[in-house]
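The values are calculated or read from the model by the stated rules, or taken from the named source; none is laboratory data. Since we're looking at a predicted model, the values are computed, not measured. Quick reminder, even Gly has a Cβ in these numbers, built from the backbone with ideal geometry, and neighbours come from all protein chains shown.
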Amino acid sequence: MRRKHLKRIQKQNSFFFRTTCAVLLACNLVAASAQKETSLLLVKNRKSPYSIIIPAQPTPADTRAAEIFRQSMLRISGAELPVLTDQTATRRYEISIGNTNRLKNLAGKDIPDLSKDPDGYAVISEKGKIYFLGGTHKGVVYGVVSILEKYLGCRKYSPDFDYFPKLTDVRLPSIKISDRPANSLRIINGTFSQDPDYQDWQRLDNIDDVFAKGYYVHTFDRLVPWQQYFESHPEYFALMNGKRVHDQLCLSNPEVLRLTIEKLRQEMQLQPEKQVWSVSQNDNFSYCQCPDCKKIIEEEGSPSGPVIRFVNQVAAAFPDKTISTLAYQYSRKAPARTKPAPNVQIMLCTIEVNRSKPIEKDSSSFSFVQDIRNWGKLTSNIYLWDYTVNFSHHVTPFPNLHVLQPNIQFFTKNHAYQHFQQSNTDIGHEFSELKSYLIARLLWNPYINADSVINDFLNGYYGPAAPWIRKYIDHLTNEIQGTGEWLDIYGSPVWHAGSFLSEKNTTAYLEYFQEAINAVSNNETFLQHVKVAQLPLQYALMEIGKNDMFGPRGWYTEQEKGFQLRSEMREMLEDFYHTCLRNKVRTLNEAGLTPEQYYQSTLRFIDVKVENNKAFRKKVAANPLPAPKYSRGDLQVLTNGVQGASDFKVHWLGWEGTDASIVVDLSSLTEFTEASIGTLYDPKSWILHPASITCMVSADGSSYKNLGNQSITGDQKNEEVTRTWSFTNNNGPARYIRFDIKGTYVLPVWHPSAGGTSWFFADEIVVK
């Protein structure tokens, strides 16, 4: 494995940080350097005397580096440089890539030792030739892209957008540089980072190149499937509150250890080349509290104790592999007595911390600071899993750019040299291209000038609109820093309607974007980049409007003659939707909400049920009462005329693992023909439609007549986001309408947290 340098990286001379591509040279500096006698004229009048030389038996990195250099020269100048092996005769003008026999020309020169730095590189020019040397992984690739960036201004901003200058002549200065990454493993999730070309230019790793397929995280169910063993051997699974549950494993049970090792041995035969295998807890809050596990927890002072002791035993069975496990939620606190084995990787997660302040300086993150320091005392094999995105709303302002650098610096200082950044790296997600670009460079060198990198990206990606996008970013950042408001990865834009998303602030933001649009109106590419950047602001305004439906920022104005839809809000929805379609935006949140689903659910939402709705603003009772944390548990949400959309936090009421009866009082005997109630489907958030609903009516609130029953057949694996349950009334006038709702209680077998408690959510009651 290429993670051996760890602590030594911290002690490297700062020269290696200062020489990275982050400190980008402006074109005038490149031009000035080209005048020196020692400069290299690679291309003149679109022709080149140079050949690219690779070893006779090149590594994949050698071949890839050569191809990047060849293609780049072709794009820049039109010059075609041949790629030859070092078996050809030596030529006067050569670009040597990898461990070629041409390196003998550097004998006696001061060449950095890259044997222990798989991604490190050195680039040396000597007597008209250029030598790219690299470590055993992708060092030469990173050397090539660094030179192209540093001296020629080439950029790969996203998989679909890059910049290569158009030059008749191509010159490089005399070169002698070396560099290596501060972090040995650099992974960013998302569609961007899956693109191989983008990975190479951003110096990123791929999960699938490191971890065994199917064994990245949350693997207990794969190792000891509850569907196979729970009924016959409940003792294999966690004891919680005196009852065996299949949420987690009992890690003190020797049979669980045997089955785990046996399963891994079978799987390793299928993927013998894979080095890292996850043995890690399921994604829930359960953990075994049987007498044996409880004793270990008490000895270690943390529920991580049974985990580490168990994983150490697994790791002992596979000394040539790395066994990865989570320090996550209940297991985040390090054990007091037991050290992870040398071949155990600790996947430490930051899911609980605030995103508006640097972790090290945020008093609310004190427990995490202590945890990472304590883990760092036990092991240097730490894989840091950080979260830099709003999962509930990928497309909403989430001003955390200012914390990315200090957080990565903090992680690296505490022996976390392997990183997984769970960011928003898909089209349309808030500043997805910028954040991925910046994070990638920070993972290579946490001490770059981040502000310069941001400006460089903005100028290249947004063109003349860059100053206005910068104003928007700075305004957002200043506002969140000024308030210190908690920034939650599962937060809602509604929560910030009085701070950085206040009416005053959002008015200014809209003006910035209008100026940005005006600046690039004659360039369709830049225009679409700006319009995509504006999507989060539009989304936030629409969501805030939903929460304040009839208020000053709402979708409707209340007038004497009724309610009037604000035309500017309706136009914003259309612009949002068509910008998403134009730019192939795929999802809007972690649950996979599509722009089409959002558009349709918003249309449903703004179709207020006020006119002729006999339940509008009528009193509602429920037994049991809904959870108070959603819409404050206010039952009048059900009759406020507003139908809940895709966000369960706004205009929805929730019930967990239970049935419920909801009764609306029409105040007097009332004639009506139909009664309906809506429900929500969001399985990622453990929300399913009810199993069934029965509707009943009564004149006195005591004696009820049945209007019918409706149910859902099947396992609800693919349902619509919202569902309206409508019942026809043929029983004459009634005062009370009761909906008896039967929940699903538990999550089905296809769900990642199968067996966990499910929710149902209800919204608007409409009576006509």
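Return yes when residue 768 is of a type in the set (D, E, K, R), within 25 Å of residue 602 (Cα to Cα) and over 39 Å from the mean Cα position of the chain (by Cα) and no when it is not.
yes
Looking at 386, 371, 362, can you tell me which residue is in contact with a Ser or Thr (Cβ under 6 Å, 6 or more places away or on another chain) and of a type in the set (Asp, Glu)?
386 is the lone residue from the list that is in contact with a Ser or Thr (Cβ under 6 Å, 6 or more places away or on another chain) and of a type in the set (Asp, Glu).
Being outside any helix (DSSP H, G or I) and more than 28 Å from residue 684 (Cα to Cα): is that true of residue 231 here?
No, not satisfied.
I need the full set of residues from the stretch 158-181 which are within 30 Å of residue 413 (Cα to Cα) and assigned to a loop (DSSP other than H, G, I, E, B), in order please.
Within the stretch 158-181, the subset within 30 Å of residue 413 (Cα to Cα) is 158, 176-181.
Within the stretch 158-181, 180, 181 meet the criteria.
Just to be sure, is residue 611 within 27 Å of residue 528 (Cα to Cα) and surrounded by fewer than 19 Cβ atoms within 10 Å (Cβ to Cβ)?
Working: within 27 Å of residue 528 (Cα to Cα): no; surrounded by fewer than 19 Cβ atoms within 10 Å (Cβ to Cβ): yes.
No: the conditions fail for residue 611.
Among the numbered conditions (1) under 17 Å from residue 532 (Cβ atoms); (2) over 21 Å from the mean Cα position of the chain (by Cα), tell me where residue 448 comes up short.
(1)
Within the stretch 270-291, how many residues turn out to be loosely packed, with under 15 Cβ neighbours inside 10 Å and either of a type in the set (Val, Ile, Thr) or over 32 Å from the mean Cα position of the chain (by Cα) (or both)? Working first, answer last.
Initial filter on the stretch 270-291 (loosely packed, with under 15 Cβ neighbours inside 10 Å): 270-273, 285, 291.
The next check asks that each one be either of a type in the set (Val, Ile, Thr) or over 32 Å from the mean Cα position of the chain (by Cα) (or both); those that pass are 291.
Within the stretch 270-291, residues that are loosely packed, with under 15 Cβ neighbours inside 10 Å and either of a type in the set (Val, Ile, Thr) or over 32 Å from the mean Cα position of the chain (by Cα) (or both) number 1.
Considering every residue within the stretch 472-487, establish whether at least one is within 21 Å of the chain's Cα centre (by Cα), polar (S, T, N, Q) and not in a loop (DSSP other than H, G, I, E, B).
yes
Return a yes/no flag: does the stretch 384-397 have any residue that is within 26 Å of residue 264 (Cα to Cα) and in contact with a Leu (Cβ under 9 Å, 6 or more places away or on another chain).
Keep residues of the stretch 384-397 that are within 26 Å of residue 264 (Cα to Cα), which gives 384-385.
Restricting the remaining residues to those that are in contact with a Leu (Cβ under 9 Å, 6 or more places away or on another chain) gives 384-385.
Scanning the stretch 384-397 turns up at least one residue that is within 26 Å of residue 264 (Cα to Cα) and in contact with a Leu (Cβ under 9 Å, 6 or more places away or on another chain).
Restricting to the stretch 627-643, count the residues that are closer than 16 Å to residue 654 by Cβ, in a helix (DSSP H, G or I) and over 31 Å from the mean Cα position of the chain (by Cα).
Qualifying residue count for the region: 4.
Among the residues of the stretch 514-541, which ones are in contact with a Leu (Cβ under 7 Å, 6 or more places away or on another chain) and either surrounded by fewer than 22 Cβ atoms within 10 Å (Cβ to Cβ) or not in a helix (DSSP H, G or I) (or both)?
517, 520, 521
Anything in the stretch 306-321 that is more than 29 Å from the chain's Cα centre (by Cα), of a type outside the set (D, E, K, R) and within 19 Å of residue 218 (Cα to Cα)? List them, or say none.
Answer for the stretch 306-321, where residues must be more than 29 Å from the chain's Cα centre (by Cα), of a type outside the set (D, E, K, R) and within 19 Å of residue 218 (Cα to Cα): 306, 310, 312, 313, 314, 315.
Regarding residue 61, is this residue more than 17 Å from residue 172 (Cα to Cα) and either assigned to a helix (DSSP H, G or I) or among the aromatic types (Phe, Trp, Tyr) (or both)?
Considered against the rule, which asks whether it is more than 17 Å from residue 172 (Cα to Cα) and either assigned to a helix (DSSP H, G or I) or among the aromatic types (Phe, Trp, Tyr) (or both), residue 61 comes out as yes.
Is one or more of the residues making up the stretch 99-113 closer than 20 Å to residue 146 by Cα, buried (at least 19 other Cβ atoms within 10 Å of the Cβ) and not polar (S, T, N, Q)?
No - not one qualifying residue is present in the stretch 99-113.
Within the stretch 348-377, count every residue that is over 19 Å from residue 329 (Cβ atoms) and not in a loop (DSSP other than H, G, I, E, B).
5
Which of the numbered conditions does residue 656 fail, given that it passes all the others? Conditions: (1) charged (D, E, K, R); (2) touching a helix residue (DSSP H, G or I) at 6+ places or on another chain (Cβ under 9 Å); (3) under 16 Å from residue 688 (Cβ atoms).
Here residue 656 clears every test but (2).
How many residues are under 23 Å from residue 159 (Cα atoms) and part of a helix (DSSP H, G or I) when one looks only at the stretch 406-442?
Applying the first criterion (under 23 Å from residue 159 (Cα atoms)) to the stretch 406-442 yields 419-442.
Filter once more, keeping what is part of a helix (DSSP H, G or I): 432-442.
Residues meeting the conditions: 11.
Among the numbered criteria (1) at pLDDT 95 or above; (2) buried (at least 20 other Cβ atoms within 10 Å of the Cβ); (3) under 24 Å from the mean Cα position of the chain (by Cα), which single criterion is violated by residue 596?
Unmet for residue 596, out of (1) at pLDDT 95 or above; (2) buried (at least 20 other Cβ atoms within 10 Å of the Cβ); (3) under 24 Å from the mean Cα position of the chain (by Cα): (2).
Would the stretch 169-181 turn up any residue that is in contact (Cβ under 8 Å) with a residue 24 or more places away in the chain and in contact with a Cys (Cβ under 9 Å, 6 or more places away or on another chain)?
Checked against the condition, which is being in contact (Cβ under 8 Å) with a residue 24 or more places away in the chain and in contact with a Cys (Cβ under 9 Å, 6 or more places away or on another chain), the stretch 169-181 yields at least one hit.
I need the full set of residues from the stretch 348-370 which are crowded, with 17+ Cβ neighbours inside 10 Å and closer than 17 Å to residue 420 by Cβ, in order please.
348, 349, 350, 353, 355, 359, 368
Is the stretch 658-666 home to any residue that is among the charged types (D, E, K, R), part of a strand (DSSP E or B) and more than 17 Å from residue 741 (Cα to Cα)?
Yes; the residues of the stretch 658-666 include at least one that is among the charged types (D, E, K, R), part of a strand (DSSP E or B) and more than 17 Å from residue 741 (Cα to Cα).
Taking the conditions exactly as written (buried (at least 22 other Cβ atoms within 10 Å of the Cβ) and at pLDDT 95 or above), does residue 315 satisfy them or not?
In short, yes.
Conditions tested, residue by residue: (1) closer than 23 Å to residue 201 by Cβ; (2) of a type in the set (Val, Ile, Thr); (3) surrounded by fewer than 23 Cβ atoms within 10 Å (Cβ to Cβ).
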site	(1), (2), (3)
425	yes, yes, no
429	yes, no, no
434	yes, no, yes
456	yes, no, yes
459	yes, no, yes
464	no, no, yes
471	no, no, yes
485	no, no, yes
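Find the residue count for the stretch 713-747, including only residues that are in contact (Cβ under 8 Å) with a residue 60 or more places away in the chain and either part of a strand (DSSP E or B) or not hydroxyl-bearing (Ser, Thr, Tyr) (or both).
16
Sort out which residues of the stretch 74-97 are under 39 Å from the mean Cα position of the chain (by Cα), surrounded by 21 or more Cβ atoms within 10 Å (Cβ to Cβ) and more than 16 Å from residue 132 (Cα to Cα), and write them in order of number.
Selection gives 76, 77.
Checking residue 569 against (1) in contact (Cβ under 8 Å) with a residue 40 or more places away in the chain; (2) more than 26 Å from residue 683 (Cα to Cα); (3) out of contact with any Lys or Arg (no Cβ under 8 Å at 6 or more places or on another chain); (4) not charged (D, E, K, R), only one condition comes out false. Which one?
(1)
Do you know which residues across the stretch 194-220 are at pLDDT 95 or above, crowded, with 18+ Cβ neighbours inside 10 Å and part of a helix (DSSP H, G or I)?
The answer is 198, 199, 200, 201, 202, 220.
How many residues are polar (S, T, N, Q) and either under 18 Å from residue 331 (Cα atoms) or part of a helix (DSSP H, G or I) (or both) when one looks only at the stretch 236-262?
Matching residues across the stretch 236-262 total 3.
Of all residues in the stretch 748-767, count the ones that are part of a strand (DSSP E or B) and surrounded by 19 or more Cβ atoms within 10 Å (Cβ to Cβ).
So the answer is 9.
I want to confirm something. Restricting to the stretch 677-731 and keeping residues that are under 41 Å from the mean Cα position of the chain (by Cα) and basic (Lys, Arg), which single residue is nearest to residue 768 (Cα to Cα)?
723
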